[in-house]
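Everything below concerns the one structure shown next.
FYI, it's all coordinate maths here, none of it is from the lab. Predicted model only: the values in this text are computed from it and were never measured. Every residue, glycine among them, receives a Cβ derived from its backbone with ideal geometry; neighbour counts consider all protein chains shown.
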Amino acid sequence: MIAFFPGKFQPPHLGHVLTILDLSDKYDEIIVGVTEDKPEVISQKERVEIFMKVFRRSTNIRVVPIQGIISNYRKNDIKNLPNFDVCISGNQKVLDQLALLGYETTYQGRSVGIGYSGSEIRSLIHE
């Protein structure tokens, strides 16, 4: 089974990495979809490159850029998505939109811990 794990990953952090590794134990393949969503602390290209370096030795984790903002997708936008069996996300808006478009979805709780929150890290960057 192929799982799609999309996000803005602004910035990528340990919580993302641990969640993706946990998911990789449960699915045949994990597609990490890096969206163009705001805020843009790090460019999409750089975020993709970071994850590609982190998971370079993983045989079942693939990292891809995703056009646009998934929670705004309509039927004609799904051509921008990879082929997958289930979308896993901690963003309920993304899950609701993809379910509306006919995809199977699963909620993944956000990681908890110091340095596990993009909002927390962004606030430190701005200080």
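The table below gives the values:
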{"quantity": "Candidates 33, 109, 15, ranked by Gaussian network fluctuation over the chain, Cα under 10 Å, top entry", "calculated": "109"}
{"quantity": "Exposed-loop-free span, longest in the chain, where trypsin sites (Lys or Arg not before Pro) count as exposed if DSSP calls them loop and at most 10 other C-beta atoms lie within 10 Å", "calculated": "1-55"}
{"quantity": "Normalised contact order of region 2-126, rounded percent, pairs of Cα under 8 Å and 6 or more residues apart", "calculated": "31 percent"}
{"quantity": "Amide H within-cut-off set for residue 32, under 5 Å, with H built and near neighbours excluded", "calculated": "5, 62, 63, 64"}
{"quantity": "Number of Lys pairs (Cα under 28 Å; 8 or more positions apart or on different chains) in region 2-126", "calculated": "22"}
{"quantity": "Net charge dipole size for the chain [Lys, Arg +1 and Asp, Glu -1 on Cβ; Debye, nearest 20]", "calculated": "220 debye"}
{"quantity": "Percent of beta bridges antiparallel (DSSP, the chain, rounded to nearest 5)", "calculated": "0 percent"}
{"quantity": "For residue 105, distant residues with modelled amide H under 5 Å away", "calculated": "87"}
{"quantity": "Helix-only CD estimate at 222 nm, as mean residue ellipticity for the chain, using -39500 (n - 2.57) per DSSP H run (n ≥ 4)", "calculated": "-10000 deg cm²/dmol"}
